[in-house]
Amino acid sequence: MDLNQFRKMSVPLCAASKSFNKVFGIGAGKTGTTSLEAIFKILGLNAAPQQEGELCGIQLMKGNFRPLVNYVNKYDAFQDAPFSIKSTYAQVDALFPDSKFILTYRDADAWFASLHNFHKKLLGIPADQPMTKAALETAQYLYPGYLHFMHRINWLLDFDGDVDIKTNWALLYDGEHYKKLYRARNNEIIRHFSERSDDLLVIDITQEKDTQKIVHFLGLPDRLVSDIPHLNKT
């Protein structure tokens, strides 16, 4: 059965069974987030377009919540930026009560290698060449400067002795630094939901054969269990 045929069954069944508000994929990019988006669609959920969310995330970083709230109100399910970065998970948790959260993860070494390779591919940098600040500055994804801005605030911000914010470009694609931040954020998420375990599913999608854990976590019928599509591998 192809996706369109499956959704003829899954969309009405999901709508009749859905008891949660929204569902947010909050794992870092390159932890199976593209596969998670496909799973949301297979289950019959109205999955949000990623690039629209990324643009809302820029406004969120500037303190303007309204575009993000309007965006979330239009859809059922979300993944990747801005929900995959910083503490956006805590903000939408407060704004959209009775929602569910899925923390996708993978081995930190494998995650960083995948992230590094994906960014090189996205920017057209040969595998044997290093990533550079200039490559991020000239990247055209979404609009000029987007990747440079997002990468800087997510991975390279530092504080000096006077608590002034600065960008430490010496840490650009420093594996140990990125993996430290990756592990720390995952641990912060788990602590945030430590007394509400029913609201958080921690899952390594790369090790799953089917969607049973996700279907059960969302309280949906077993008829919606299907094989997991493993997409966008790098």
**Study point:** Top-ranked residue of the range 54-112 - restricted to ones that are over 18 Å from G27 (Cα atoms) and among the basic types (K, R), ranked as modelled with the lowest pLDDT
**Key:** K62
Practice item. Consider only pairs whose beta carbons are under 6 Å apart and that are at least six residues apart or on different chains; among these, list those whose first residue lies in the range 14-27 and is within 17 Å of H216 (Cβ to Cβ) and modelled with pLDDT under 95 and whose second residue is surrounded by fewer than 20 Cβ atoms within 10 Å (Cβ to Cβ) and of a type in the set (K, R). Key: none
Review point. On the given criteria, is I125 over 30 Å from F40 (Cα atoms) and either modelled with pLDDT of 90 or more or within 18 Å of the chain's Cα centre (by Cα) (or both)?
Key: yes
Practice item. Would you check if Q51 is of a type outside the set (G, A, S), surrounded by fewer than 15 Cβ atoms within 10 Å (Cβ to Cβ) and under 21 Å from S114 (Cβ atoms)? Key: yes
Check your understanding: Can you name every residue in the range 166-185 that is at pLDDT below 95 and hydrophobic (A, V, I, L, M, F, W, C)?
Key -> W169, A170, L171, L172
Practice item. Output the number of residues of the range 1-11 satisfying the condition of being of a type outside the set (A, V, I, L, M, F, W, C) and loosely packed, with under 15 Cβ neighbours inside 10 Å. Key: 4
Exercise for review: Please state which of the following conditions A113 fails to meet, knowing it meets all the rest: (1) free of Cβ contacts under 8 Å to residues at least 60 places away in the same chain; (2) in contact with a strand residue (DSSP E or B) (Cβ under 9 Å, 6 or more places away or on another chain).
Suggested key: (2)
Point to revise | Condition broken by C14, with the remaining ones in (1) assigned to a loop (DSSP other than H, G, I, E, B); (2) crowded, with 18+ Cβ neighbours inside 10 Å satisfied | key: (1)
Practice item. Scan A113, A90 and give me the residue that is surrounded by fewer than 18 Cβ atoms within 10 Å (Cβ to Cβ) and over 26 Å from H216 (Cα atoms). Key: A113
**Study point:** Residues located in the range 211-232, provided they are assigned to a loop (DSSP other than H, G, I, E, B) and of a type in the set (S, T, N, Q)
**Key:** T211, S226, N232
Check your understanding: If only one of F149, F101 is in contact (Cβ under 8 Å) with a residue 12 or more places away in the chain, under 19 Å from F193 (Cβ atoms) and among the aromatic types (F, W, Y), which one is it?
Key -> F101
Practice item. Evaluate the following for S197: is it free of Cβ contacts under 8 Å to residues at least 12 places away in the same chain, over 26 Å from L147 (Cα atoms) and of a type in the set (S, T, Y)? Key: yes
Check your understanding: Within the range 98-111, can one find any residue that is among the charged types (D, E, K, R) and within 30 Å of N73 (Cβ to Cβ)?
Key -> yes
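The values are calculated or read from the model by the stated rules, or taken from the named source; none is laboratory data. These figures come from a predicted structure and were not determined experimentally. Glycine gets a Cβ as well: all are built from the backbone with ideal geometry, and neighbour counts include every protein chain shown.
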